[in-house]
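Data block below; observations after.
The values are calculated or read from the model by the stated rules, or taken from the named source; none is laboratory data. Being a predicted model, the structure only gives us computed values, none of them experimental. Methodologically, a virtual Cβ is constructed for each residue, glycine included, from the backbone with ideal geometry; neighbour enumeration extends over all protein chains shown.
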Amino acid sequence: DVNLLQAQAEWLDDQLQHSKAQWRIVTMHHPIFSSCGVPLNTPGQDEPEVRAAFLPIFLKHNVDLVLQGHDHTYARGSIGTKEDISVLASSTSPKKVKSVFVTSVAGPKTY
């Protein structure tokens, strides 16, 4: 339901805007990026509507960590800043990570 998704996104935007927390951590069920090995924009796994609703909010409010479920896999990744897209991370030149996304499963089946 697109209206419900939009209402949730507006609520989250408001909560993050008024948050004074040092660390911004969001938990959600459907992942922003699917880790099932199914190509992006494939119905049933990838969630482009969820990504379109929430990713701009995460980036706007500098969310540090997004913990996600749904996919019965483990995956992690990050979005860096525009300035360090071409920078290779090393001990002398660390990347400036903007947001980290983790998908994990708590149940017995995995893909």
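Residue by residue through the stretch 55-70, note down the ones that are assigned to a loop (DSSP other than H, G, I, E, B) and under 17 Å from Trp23 (Cα atoms). Walk me through how you get there before you give the answer.
If we filter the stretch 55-70 for residues that are assigned to a loop (DSSP other than H, G, I, E, B), which is where we start, we get 61-64, 69-70.
Passing the criteria: His61, Asn62, Val63, Asp64.
Go through (1) at pLDDT below 90; (2) surrounded by fewer than 16 Cβ atoms within 10 Å (Cβ to Cβ); (3) within 18 Å of Gly69 (Cα to Cα); (4) not polar (S, T, N, Q) for Val2 and report which single condition fails.
(3)
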